[in-house]
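Input: a single structure, listed below in structure tokens.
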Amino acid sequence: MAQVTLDNVRKVYPNGFEAVKPASYNIADGEFVVLVGPSGCGKSTMLRMIAGLEDISDGALKIGDRQVNKVDPADRDIAMVFQNYALYPHMTVRKNIGYGLKNRKIDKSTIEAKVQEAATMLNLTEYLDRKPSQLSGGQRQRVAMGRAIVRDPSLFLFDEPLSNLDAKLRNQMRIEIKALQRRLGVTSIYVTHDQIEAMTMADRIIVMNGGIIEQIGTPAEVYHSPASTFVASFMGAPPMNLLEGRVDGGMIRVGDTVVGNTTLAVTGPVTVGIRPEDLEPSVGGQLRIDVSIIEELGAHRLVHGHIAGQALTMQIGKDTAIGDGPIPVAIKNNAVSLFDHQTGNRL
Ligand code: ATP
């Protein structure tokens, strides 16, 4: 097991592009951390620096107590699971899983025992003599996991491991990977662009944007107290409503409507954030929403409308009654976030 420490780790590619701006954080022993962000935000670069597949331009990276900036990937005691599985097509599942051990001069019976143990854990025992081409996508991903497990690494690195699977299998595999990680207790860093994977799998999430870490926090912290309008709109589907508003004398207004109060020492224009599920039709509600469209999603409905000329979405239960025309809407538990209207940072 190992903790991972980054101290101002930075990546500048040879063409001068700074893909990761100086980043400092600590991952605890046994923790499952998800790096999430849109395409091009630098999350793969970050992971590849930790893996040793990409040079670190500046700063210090420690795995356990050892600084590993210049340590060869093979000597970092890590195992990596890739999006494309990276299996050997001519080898059986058994050989693919045991491959990393063969190079370590471990005797055959120990390798076989470890392969069997991993195969049992991953429900692969009946496929051990098949080649990768004779497996489904989910089974291939499990073989890649098996290969990582048998090495007993102190750190697992996952690079979008589920993105080649269909939605249903992805949901199933993310539960399997999470359960496996819990069981093995191995420190894990997992890269994805999928905010649902991040929310459901992570002990802590690192949200990246444009080479910068926007926020590090538990799924609940990132979701309920986003550090910026970027995080607010990236995490959550549909995203948080972000409305132009202002604060005067502690009252938060959108147009002429008072949507809440704040004790923050702020006056003037702000960005007001309200999660769609924190809005509910209510006779005494202070907001008037002009409803334009209702999307039926089975378990719930999305109501799209406007307030003070600004678009807004509300998520309501399938049984919640909703009238025609402008409807009164309340904000549950005063769940309003405020952001600086210029920087987008949480106030
Ligand atoms: P994706 O989800 O699309 O893989 P990402 O968040 O993982 O994106 P990276 O692959 O880390 O992003 O790339 C970050 C940025 O660095 C991108 O703008 C990319 O174009 C750039 N980049 C990646 N590799 C190189 C390279 N070898 N030389 C120059 N720029 C690079």
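The values are calculated or read from the model by the stated rules, or taken from the named source; none is laboratory data. The structure displayed is predicted, hence computed values, not measured ones. When we count neighbours, we look across all protein chains shown, and the Cβ atoms used for this are built from the backbone with ideal geometry, even at glycine.
When residue 120 is tested against the conditions (1) more than 16 Å from the ligand (Cβ to nearest atom); (2) under 30 Å from residue 209 (Cα atoms); (3) outside any strand (DSSP E or B), the lone failure is (2). Is one or more of the residues making up segment 185-204 more than 13 Å from the chain's Cα centre (by Cα) and within 16 Å of the ligand (Cβ to nearest atom)? No - not one qualifying residue is present in segment 185-204.
Restricting attention to segment 203-238, which residues are assigned to a loop (DSSP other than H, G, I, E, B) and surrounded by fewer than 18 Cβ atoms within 10 Å (Cβ to Cβ)?
203, 210, 218, 225, 237, 238 - these are the residues of segment 203-238 that are assigned to a loop (DSSP other than H, G, I, E, B) and surrounded by fewer than 18 Cβ atoms within 10 Å (Cβ to Cβ).
Just one of the listed residues (229, 271) is touching a strand residue (DSSP E or B) at 6+ places or on another chain (Cβ under 6 Å), of a type outside the set (D, E, K, R) and not assigned by TED's automatic domain parsing to the domain that holds residue 194, and it is 271. Taking every residue in segment 281-295 that is surrounded by 12 or more Cβ atoms within 10 Å (Cβ to Cβ) and pairing it with any residue that is charged (D, E, K, R) and modelled with pLDDT of 90 or more, at least 6 positions away or on another chain, the pairs with Cβ-Cβ distances below 7 Å are 294/301; 295/301.
Do you know which residues across segment 75-101 are assigned to a helix (DSSP H, G or I) and either outside the structural domain of residue 141 (by TED's automatic domain parsing) or in contact (Cβ under 8 Å) with a residue 12 or more places away in the chain (or both)? Matches in segment 75-101: 93, 94, 96, 97, 98, 99, 100, 101. Looking at (1) farther than 19 Å from residue 251 by Cα; (2) out of contact with any Lys or Arg (no Cβ under 9 Å at 6 or more places or on another chain); (3) modelled with pLDDT of 90 or more, can you tell me which one residue 323 breaks? All conditions pass for residue 323, except number (3). Across segment 24-40, what is the number of residues that are within 15 Å of the ligand (Cβ to nearest atom) and of a type in the set (Val, Ile, Thr)? Number satisfying all stated conditions: 2. Regarding residue 48, is this residue within 16 Å of the ligand (Cβ to nearest atom) and either surrounded by 22 or more Cβ atoms within 10 Å (Cβ to Cβ) or part of a helix (DSSP H, G or I) (or both)? Judged against the criteria, residue 48 is a match.
With the structure loaded, tell me whether residue 23 is touching a residue at least 60 places away in the same chain (Cβ under 8 Å), crowded, with 18+ Cβ neighbours inside 10 Å and over 29 Å from residue 185 (Cα atoms) or whether it fails that test.
No; evaluated as a whole, the condition is false for this residue.
Filtered by the rule that a residue be more than 11 Å from residue 216 (Cβ to Cβ), in a strand (DSSP E or B) and within 16 Å of the ligand (Cβ to nearest atom), segment 7-23 gives 9, 10, 11, 12, 18, 19, 20, 21, 22. Checking 16, 59, 64, 52 one by one, the residue that is at positive phi, over 19 Å from the mean Cα position of the chain (by Cα) and free of Cβ contacts under 8 Å to residues at least 12 places away in the same chain is 16 and no other.
For (1) among the acidic types (Asp, Glu); (2) in contact with a Ser or Thr (Cβ under 7 Å, 6 or more places away or on another chain); (3) farther than 25 Å from residue 27 by Cα; (4) not assigned by TED's automatic domain parsing to the domain that holds residue 185, each residue gets a yes or a no:
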{"site": "195", "(1), (2), (3), (4)": "no, no, no, no"}
{"site": "263", "(1), (2), (3), (4)": "no, no, yes, yes"}
{"site": "276", "(1), (2), (3), (4)": "no, yes, yes, yes"}
{"site": "281", "(1), (2), (3), (4)": "no, yes, yes, yes"}
{"site": "286", "(1), (2), (3), (4)": "no, yes, yes, yes"}
{"site": "294", "(1), (2), (3), (4)": "no, no, yes, yes"}
{"site": "301", "(1), (2), (3), (4)": "no, no, yes, yes"}
{"site": "313", "(1), (2), (3), (4)": "no, no, yes, yes"}
